[in-house]
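Working notes, beginning with the structure itself.
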Amino acid sequence: MQIYISGSLAFDRIMTFPDKFSNHILPDKIHILNVCFLVNGLDERFGGTGGNIAYNLSLLGEKPVLLSQVGKDFASYDGWLQKHGISVEGIRTVEQEFTAGAYITTDQSDNQITGFNPGAMKYPSQYDMSAIDPSEAIGIISPGNLSDMMEHPRYYREHGIPFIFDPGQQITAFTGEQLAGAFDGAEILITNDYELEMIMNATKLSKAEIQERVAYLITTYGEHGSVVDCKGEEIRIPAVPVSVVADPTGAGDAYRSGLLKGLAMEKTVAESARLGAVCAAYAVEKKGTQEHFFTMDEFRKRYEASFGPLE
């Protein structure tokens, strides 16, 4: 089964400030704020929801197709994706823009100041969806270009292609009507518990009403695992134990990759969610969203240690 990923590709540019922001911000002068933080260098990592999901799927033996958009500075990321067997045929290059980028500065108290440039993400991917074989496809719509997040679900619905809708940090960018229209008919709507509350507030729909619009609702709770809900029937999926919590960023994207892998293997949603929990554990143990690695043999052993035999 071919997996299609709609979502962002971005550079995460991470800086560390060897002091506390609070020591350099005068509370009584906040209305004329003008500060400069001298950082200890810059660490560039590959990220974006689409890229993170694709990377984890490549570790799981899949060759997904990314439907995304990038800018004139994409060469290094392009090489990374192709090295891992990830198709770049669905990626649009917008020559006058930079690839989306997050500029994150962290101080000694773990406070962060982040600037995000959407760059090429402002433009739709323009992928020719008619090239998708509906009988052999599954899609995920993760946070990225807003037009893609509305148009791709519509295409999947019209052509009977199962899809996962994952609005994430783009929830507030939609009206309630747009949001409800995007996830309507999804095989799975996946959020964390806070995002689910945001969706209910935006759409004015109750949890039960949301459940009626999708086949499955998956809610993640970080270290407390996740819940797979089918029309009110809940299955709890425990989190997989980790050796160290280095960085939870990207764990949600890794979970979604395991979920997609399971669905591509024609496993149940609950079984697929367990694969997601294992994949998320690897992401938590490394700083960065595409810094972890595992072999399928290692993955299988870890799965079986938590959930029993993997058929």
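When residues in region 132-175 are screened for being crowded, with 23+ Cβ neighbours inside 10 Å and among the acidic types (Asp, Glu), 2 of them pass. Scanning region 235-286 for residues that are under 22 Å from ASP110 (Cα atoms) and over 16 Å from the mean Cα position of the chain (by Cα) yields VAL242, SER243, VAL244, VAL245, ALA246, GLU285, LYS286. Can you tell me which residue in region 157-179 is modelled with the lowest pLDDT, limited to those that are touching an Asp or Glu at 6+ places or on another chain (Cβ under 9 Å) and assigned to a helix (DSSP H, G or I)? The extreme case among them is GLN169. When GLN178 is tested against (1) of a type in the set (S, T, N, Q); (2) surrounded by fewer than 14 Cβ atoms within 10 Å (Cβ to Cβ); (3) more than 19 Å from VAL70 (Cβ to Cβ); (4) free of Cβ contacts under 8 Å to residues at least 60 places away in the same chain, only condition (2) is not met. Once region 82-112 is narrowed to residues that are aliphatic (A, V, I, L, M) and at pLDDT 95 or above, the residue that is surrounded by the most Cβ atoms within 10 Å (Cβ to Cβ) is ALA100. For SER68, the conditions (1) among the polar types (S, T, N, Q); (2) farther than 22 Å from VAL94 by Cα; (3) touching a helix residue (DSSP H, G or I) at 6+ places or on another chain (Cβ under 9 Å) all hold with the exception of (2).
Among the residues of region 189-198, those identified as free of Cβ contacts under 8 Å to residues at least 60 places away in the same chain and either over 23 Å from ALA277 (Cα atoms) or of a type in the set (S, T, N, Q) (or both) are THR191, MET198. Of all residues in region 1-11, at least one satisfies being surrounded by fewer than 24 Cβ atoms within 10 Å (Cβ to Cβ), within 28 Å of the chain's Cα centre (by Cα) and at pLDDT below 95.
Taking the conditions exactly as written (buried (at least 24 other Cβ atoms within 10 Å of the Cβ), over 14 Å from GLN290 (Cα atoms) and of a type in the set (A, V, I, L, M, F, W, C)), does LEU38 satisfy them or not? No; evaluated as a whole, the condition is false for this residue. Taken over region 41-73, the residue count meeting the criterion of being assigned to a loop (DSSP other than H, G, I, E, B), surrounded by 13 or more Cβ atoms within 10 Å (Cβ to Cβ) and touching a strand residue (DSSP E or B) at 6+ places or on another chain (Cβ under 9 Å) is 7. When GLN170, GLN108 are checked against the criterion of being touching a helix residue (DSSP H, G or I) at 6+ places or on another chain (Cβ under 7 Å) and over 19 Å from GLN2 (Cα atoms), a single residue qualifies: GLN170. ILE190 falls short of the stated requirement of being part of a loop (DSSP other than H, G, I, E, B), aliphatic (A, V, I, L, M) and either at pLDDT 95 or above or closer than 21 Å to THR219 by Cβ (or both).
Considering region 20-34, the residues that are in contact (Cβ under 8 Å) with a residue 12 or more places away in the chain and not in a helix (DSSP H, G or I) include one that is farthest from ASP110 (Cα to Cα), namely HIS24.
Within region 199-210, residues that are without any contact (Cβ under 8 Å) to a residue 24 or more places away in the chain and at negative phi reach no partner that is among the acidic types (Asp, Glu) and in a helix (DSSP H, G or I) with beta carbons closer than 7 Å at six or more positions or on different chains. Going by the conditions given, is GLY115 surrounded by fewer than 19 Cβ atoms within 10 Å (Cβ to Cβ), modelled with pLDDT under 95 and farther than 26 Å from GLY276 by Cα? Yes: the conditions hold for GLY115.
The values are calculated or read from the model by the stated rules, or taken from the named source; none is laboratory data. All values derive from a computational prediction rather than experimental measurement. Please note: Cβ atoms are built from the backbone with ideal geometry, for glycine as well, and neighbour counts cover all protein chains shown.
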